[in-house]
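Presented below is the structure to which this report refers.
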Amino acid sequence: MQFIRGTRQVKAQYLEAKARMEAVIREHHQVDTALDNATDAMSDKEYDALSARYETLSAQKKAVVREHNALRNEMARMNIPVVHHVSQALTANLPMLEKLADLSGKFTKVDQTGMAFDLEGTMRRSGAKMVSTFKTAQEFDELSGQRDAIIKSQAQLKQLLASDEMDGLRYADPKLHASLSQMAKMDLGQSFRKLDALQSVAKDIEEAFDSQGLSSMLYSTPSTPEEIRERKEKELREHQEAIDQGYM
(Lines give C-alpha, C1' and ligand atoms only; values in the text may rest on other atoms or scores of the structure.)
Protein backbone atom coordinates (compact mmCIF):
# COMPACT_ATOMS: atom_id res chain seq x y z
CA MET A 1 0.00 0.00 0.00
CA GLN A 2 1.44 3.37 -1.05
CA PHE A 3 1.08 5.85 1.82
CA ILE A 4 1.74 9.59 1.87
CA ARG A 5 5.41 10.61 2.10
CA GLY A 6 6.39 11.10 5.71
CA THR A 7 4.16 8.32 7.01
CA ARG A 8 7.15 6.06 7.65
CA GLN A 9 8.72 8.57 10.05
CA VAL A 10 5.43 9.16 11.87
CA LYS A 11 4.80 5.42 12.08
CA ALA A 12 8.24 4.89 13.65
CA GLN A 13 7.41 7.54 16.25
CA TYR A 14 3.99 5.93 16.75
CA LEU A 15 5.46 2.46 17.33
CA GLU A 16 7.93 3.86 19.85
CA ALA A 17 5.11 5.67 21.65
CA LYS A 18 3.03 2.50 21.57
CA ALA A 19 5.86 0.49 23.15
CA ARG A 20 6.30 3.13 25.88
CA MET A 21 2.57 3.20 26.53
CA GLU A 22 2.34 -0.59 26.83
CA ALA A 23 5.34 -0.69 29.20
CA VAL A 24 3.88 2.01 31.46
CA ILE A 25 0.42 0.41 31.45
CA ARG A 26 1.95 -2.96 32.31
CA GLU A 27 3.94 -1.59 35.25
CA HIS A 28 0.97 0.53 36.37
CA HIS A 29 -1.15 -2.61 36.52
CA GLN A 30 1.53 -4.50 38.45
CA VAL A 31 1.85 -1.75 41.06
CA ASP A 32 -1.92 -1.43 41.33
CA THR A 33 -2.19 -5.19 41.93
CA ALA A 34 0.57 -5.04 44.55
CA LEU A 35 -1.29 -2.29 46.41
CA ASP A 36 -4.53 -4.27 46.32
CA ASN A 37 -2.75 -7.34 47.69
CA ALA A 38 -0.78 -5.49 50.36
CA THR A 39 -0.83 -7.20 53.74
CA ASP A 40 0.11 -6.22 57.28
CA ALA A 41 3.53 -7.74 56.59
CA MET A 42 4.31 -4.79 54.27
CA SER A 43 5.89 -1.89 56.12
CA ASP A 44 4.46 1.61 55.94
CA LYS A 45 7.58 2.73 54.12
CA GLU A 46 7.18 0.05 51.46
CA TYR A 47 3.47 0.85 51.07
CA ASP A 48 4.15 4.57 50.76
CA ALA A 49 6.82 3.89 48.12
CA LEU A 50 4.37 1.77 46.12
CA SER A 51 1.71 4.44 46.43
CA ALA A 52 4.12 7.13 45.23
CA ARG A 53 5.17 4.94 42.31
CA TYR A 54 1.51 4.35 41.46
CA GLU A 55 0.83 8.10 41.33
CA THR A 56 3.90 8.66 39.16
CA LEU A 57 2.88 5.89 36.78
CA SER A 58 -0.70 7.19 36.63
CA ALA A 59 0.57 10.56 35.43
CA GLN A 60 2.96 8.90 32.99
CA LYS A 61 0.15 6.70 31.70
CA LYS A 62 -1.99 9.73 30.83
CA ALA A 63 0.93 11.36 29.03
CA VAL A 64 1.99 8.34 26.97
CA VAL A 65 -1.61 7.54 26.03
CA ARG A 66 -2.07 11.11 24.79
CA GLU A 67 1.18 10.90 22.81
CA HIS A 68 0.23 7.52 21.33
CA ASN A 69 -3.26 8.69 20.34
CA ALA A 70 -2.01 11.94 18.83
CA LEU A 71 0.51 10.13 16.60
CA ARG A 72 -2.05 7.46 15.67
CA ASN A 73 -4.58 10.10 14.64
CA GLU A 74 -1.98 12.23 12.82
CA MET A 75 -0.90 9.21 10.77
CA ALA A 76 -4.50 8.54 9.79
CA ARG A 77 -5.17 12.18 8.86
CA MET A 78 -2.05 12.24 6.69
CA ASN A 79 -3.36 9.34 4.65
CA ILE A 80 -6.98 10.39 4.14
CA PRO A 81 -6.11 11.23 0.49
CA VAL A 82 -4.94 7.62 0.09
CA VAL A 83 -8.30 6.41 1.41
CA HIS A 84 -10.17 8.59 -1.08
CA HIS A 85 -8.00 7.32 -3.94
CA VAL A 86 -8.38 3.66 -3.00
CA SER A 87 -12.15 3.91 -2.52
CA GLN A 88 -12.76 5.94 -5.68
CA ALA A 89 -14.29 3.10 -7.72
CA LEU A 90 -16.57 2.17 -4.81
CA THR A 91 -17.62 5.75 -4.10
CA ALA A 92 -18.34 6.57 -7.74
CA ASN A 93 -20.60 3.53 -8.12
CA LEU A 94 -22.13 3.56 -4.64
CA PRO A 95 -25.65 4.72 -5.68
CA MET A 96 -25.96 1.92 -8.24
CA LEU A 97 -24.42 -0.63 -5.86
CA GLU A 98 -27.00 0.31 -3.23
CA LYS A 99 -29.77 0.11 -5.82
CA LEU A 100 -28.52 -3.31 -6.90
CA ALA A 101 -28.40 -4.50 -3.29
CA ASP A 102 -32.04 -3.42 -2.85
CA LEU A 103 -33.29 -5.50 -5.80
CA SER A 104 -35.32 -8.48 -4.67
CA GLY A 105 -33.52 -10.89 -6.98
CA LYS A 106 -36.85 -12.20 -8.30
CA PHE A 107 -37.02 -11.13 -11.92
CA THR A 108 -39.83 -11.56 -14.45
CA LYS A 109 -38.57 -14.24 -16.82
CA VAL A 110 -39.56 -14.48 -20.45
CA ASP A 111 -42.58 -16.66 -21.24
CA GLN A 112 -41.24 -18.18 -24.46
CA THR A 113 -44.01 -20.77 -24.74
CA GLY A 114 -46.71 -18.17 -24.24
CA MET A 115 -45.12 -15.85 -26.79
CA ALA A 116 -44.98 -18.67 -29.32
CA PHE A 117 -48.61 -19.77 -28.97
CA ASP A 118 -50.45 -16.70 -27.66
CA LEU A 119 -48.31 -13.65 -28.31
CA GLU A 120 -51.07 -11.09 -27.80
CA GLY A 121 -52.26 -12.60 -24.50
CA THR A 122 -48.74 -13.06 -23.20
CA MET A 123 -47.83 -9.47 -23.98
CA ARG A 124 -51.01 -8.26 -22.33
CA ARG A 125 -50.31 -10.27 -19.17
CA SER A 126 -46.55 -9.83 -18.73
CA GLY A 127 -45.18 -7.73 -21.57
CA ALA A 128 -44.72 -4.60 -19.46
CA LYS A 129 -43.00 -6.57 -16.70
CA MET A 130 -40.59 -8.19 -19.15
CA VAL A 131 -39.79 -4.80 -20.65
CA SER A 132 -39.26 -3.40 -17.15
CA THR A 133 -36.86 -6.25 -16.30
CA PHE A 134 -34.92 -5.64 -19.50
CA LYS A 135 -34.66 -1.90 -18.84
CA THR A 136 -33.58 -2.52 -15.24
CA ALA A 137 -30.72 -4.67 -16.53
CA GLN A 138 -29.71 -1.88 -18.90
CA GLU A 139 -29.37 0.52 -15.97
CA PHE A 140 -26.57 -1.64 -14.59
CA ASP A 141 -24.55 -2.01 -17.81
CA GLU A 142 -21.97 0.56 -16.73
CA LEU A 143 -21.74 -0.96 -13.25
CA SER A 144 -21.11 -4.38 -14.79
CA GLY A 145 -18.21 -2.94 -16.77
CA GLN A 146 -16.68 -1.59 -13.54
CA ARG A 147 -16.94 -4.90 -11.66
CA ASP A 148 -13.22 -5.74 -11.47
CA ALA A 149 -12.28 -2.19 -10.45
CA ILE A 150 -14.98 -2.11 -7.77
CA ILE A 151 -13.99 -5.48 -6.27
CA LYS A 152 -10.31 -4.47 -6.28
CA SER A 153 -11.19 -1.13 -4.67
CA GLN A 154 -13.06 -2.83 -1.84
CA ALA A 155 -10.23 -5.31 -1.20
CA GLN A 156 -7.70 -2.47 -0.97
CA LEU A 157 -10.02 -0.48 1.27
CA LYS A 158 -10.38 -3.40 3.70
CA GLN A 159 -6.60 -3.81 3.81
CA LEU A 160 -6.12 -0.08 4.38
CA LEU A 161 -8.67 0.17 7.19
CA ALA A 162 -6.99 -2.76 8.96
CA SER A 163 -3.51 -1.18 8.80
CA ASP A 164 -1.69 0.60 11.64
CA GLU A 165 -1.52 3.68 9.44
CA MET A 166 -5.31 4.08 9.41
CA ASP A 167 -6.10 2.77 12.90
CA GLY A 168 -6.79 6.32 14.09
CA LEU A 169 -9.24 7.22 11.32
CA ARG A 170 -12.23 6.43 13.55
CA TYR A 171 -11.03 9.21 15.86
CA ALA A 172 -9.54 11.60 13.28
CA ASP A 173 -12.63 11.56 11.05
CA PRO A 174 -15.47 9.45 12.54
CA LYS A 175 -17.92 10.27 9.74
CA LEU A 176 -15.50 9.22 7.00
CA HIS A 177 -14.54 6.08 8.91
CA ALA A 178 -18.18 5.07 9.30
CA SER A 179 -18.85 5.62 5.59
CA LEU A 180 -15.78 3.68 4.48
CA SER A 181 -16.47 0.85 6.93
CA GLN A 182 -19.96 0.48 5.52
CA MET A 183 -18.58 0.27 1.97
CA ALA A 184 -15.95 -2.25 3.08
CA LYS A 185 -18.68 -4.49 4.53
CA MET A 186 -20.86 -4.49 1.41
CA ASP A 187 -21.48 -8.02 0.08
CA LEU A 188 -20.33 -7.38 -3.48
CA GLY A 189 -20.28 -11.09 -4.26
CA GLN A 190 -23.99 -11.43 -3.61
CA SER A 191 -24.76 -8.19 -5.47
CA PHE A 192 -22.87 -9.19 -8.60
CA ARG A 193 -24.39 -12.69 -8.57
CA LYS A 194 -27.77 -10.95 -8.54
CA LEU A 195 -26.64 -8.78 -11.45
CA ASP A 196 -25.50 -11.85 -13.40
CA ALA A 197 -28.95 -13.40 -12.93
CA LEU A 198 -30.66 -10.18 -14.01
CA GLN A 199 -28.53 -9.85 -17.13
CA SER A 200 -29.13 -13.48 -18.03
CA VAL A 201 -32.90 -12.96 -17.83
CA ALA A 202 -32.58 -9.72 -19.84
CA LYS A 203 -30.68 -11.57 -22.57
CA ASP A 204 -33.43 -14.21 -22.79
CA ILE A 205 -36.05 -11.46 -23.02
CA GLU A 206 -34.15 -9.67 -25.77
CA GLU A 207 -33.76 -12.89 -27.80
CA ALA A 208 -37.44 -13.78 -27.36
CA PHE A 209 -38.64 -10.33 -28.41
CA ASP A 210 -36.26 -10.36 -31.36
CA SER A 211 -37.56 -13.75 -32.52
CA GLN A 212 -41.08 -12.31 -32.55
CA GLY A 213 -40.01 -9.14 -34.35
CA LEU A 214 -40.72 -7.04 -31.26
CA SER A 215 -37.23 -5.72 -30.48
CA SER A 216 -38.37 -2.10 -30.78
CA MET A 217 -40.85 -2.63 -27.93
CA LEU A 218 -37.99 -3.11 -25.48
CA TYR A 219 -36.96 0.48 -26.06
CA SER A 220 -40.33 2.13 -26.71
CA THR A 221 -42.79 0.50 -24.31
CA PRO A 222 -43.21 2.48 -21.07
CA SER A 223 -42.58 0.32 -18.02
CA THR A 224 -41.73 2.58 -15.09
CA PRO A 225 -44.40 4.79 -13.42
CA GLU A 226 -42.63 7.87 -14.79
CA GLU A 227 -42.53 6.51 -18.35
CA ILE A 228 -46.19 5.46 -18.18
CA ARG A 229 -47.16 8.93 -16.91
CA GLU A 230 -45.16 10.61 -19.66
CA ARG A 231 -46.74 8.36 -22.31
CA LYS A 232 -50.25 9.17 -21.04
CA GLU A 233 -49.47 12.89 -21.00
CA LYS A 234 -48.18 12.66 -24.56
CA GLU A 235 -51.30 10.81 -25.69
CA LEU A 236 -53.50 13.42 -24.03
CA ARG A 237 -51.58 16.23 -25.72
CA GLU A 238 -51.86 14.55 -29.12
CA HIS A 239 -55.56 13.91 -28.55
CA GLN A 240 -56.15 17.56 -27.63
CA GLU A 241 -54.16 18.75 -30.65
CA ALA A 242 -56.28 16.56 -32.92
CA ILE A 243 -59.44 18.09 -31.42
CA ASP A 244 -58.06 21.63 -31.79
CA GLN A 245 -57.22 20.98 -35.42
CA GLY A 246 -60.66 19.57 -36.16
CA TYR A 247 -59.65 15.98 -36.81
CA MET A 248 -61.98 14.66 -34.11
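Based on Cβ point charges of +1 for Lys and Arg and -1 for Asp and Glu, what charge dipole magnitude is obtained for the chain about its Cα centre, in debye rounded to the nearest 20?
Computed charge dipole of the chain: roughly 460 debye.
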Item to complete: Go through the range 94-100 residue by residue and turn each phi into a ³J(HN,Hα) via Karplus (6.51, -1.76, 1.60, θ = phi - 60°); whole Hz please, and just put x for glycine and proline.
Response: 4, x, 6, 5, 5, 5, 5
Item to complete: Rounded to the nearest 10 degrees, what's the angle between the helix 44-78 long axis and the longest principal axis of the chain, both from Cα atoms, 0 to 90?
Response: 30 degrees
Worksheet item: Nearest 20 debye, what's the magnitude of the dipole of the range 18-159 about its Cα centre given +1 on Lys and Arg Cβ and -1 on Asp and Glu Cβ?
Response: 660 debye
Worksheet, complete the sentence: Along the dipole axis of the chain (charges at Cβ: +1 for Lys and Arg, -1 for Asp and Glu; origin at the Cα centre), the most positive-end residue among Thr39, Leu94, Leu195 is Thr39
Worksheet item: To the nearest 10 Å², what's Ser215's accessible area with a 1.4 Å probe?
Response: 40 Å²
Fill in: Compactness of the range 99-203 - radius of gyration and Dmax, Cα, Å
19.9, 66
Discussion item. So with the 1.4 Å probe, I'd like the accessible area per residue for the chain, rounded to whole Å².
Written reply: 63 Å²
Worksheet item: Once the dipole of the chain is set up with Lys and Arg at +1 and Asp and Glu at -1 on Cβ about the Cα centre, which of Ala116, Gln138, Leu50 lies farthest towards its positive end?
Response: Leu50
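What is the Å³ per residue value for the convex hull set by the Cα atoms of the range 1-80? Walk me through the numbers on the way to the answer.
Numbers: hull volume 6.6 nm³, N = 80.
Per residue, the Cα convex hull of the range 1-80 comes to 82 Å³.
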Worksheet item: How many times 2.2 N^0.38 Å is the alpha carbon radius of gyration of the range 175-224?
Response: 1.83
Worksheet item: For the range 54-199, what relative contact order do you get, as a whole percent, if you take Cα pairs closer than 8 Å and at least 6 residues apart?
Response: 42 percent
Discussion item. Give me the percent of accessible area attributable to carbon and sulfur for the chain, probe 1.4 angstrom.
Written reply: 49 percent
Discussion item. With +1 assigned to the C-beta of every Lys and Arg and -1 to the C-beta of every Asp and Glu, and no other charges, what is the dipole magnitude of the range 162-224 about the Cα centre in debye, to the nearest 20?
Written reply: 240 debye
Practice prompt. Express in % the proportion of alpha carbon pairs of the range 33-132 at distances exceeding 19 Å.
Written response: 74 percent
Worksheet item: Which of the residue pairs Lys18/Lys185; Lys129/Lys203; Lys106/Lys185 have a Cα-Cα distance greater than 20 Å in the structure shown?
Response: Lys18/Lys185; Lys106/Lys185
Discussion item. Over 28 Å apart: what share of the alpha carbon pairs of the chain falls there, rounded to a whole percent?
Written reply: 62 percent
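The values are calculated or read from the model by the stated rules, or taken from the named source; none is laboratory data. Only a predicted model underlies this, so the values are computations on that prediction, with no experimental measurement involved. Ideal geometry is used to build each Cβ from the backbone, glycine not excepted, and the neighbour counts take in all protein chains shown. For accessibility, only protein heavy atoms count, side chains too; no ligands or nucleic acids. Shrake-Rupley method; radii C 1.70, N 1.55, O 1.52, S 1.80 Å.
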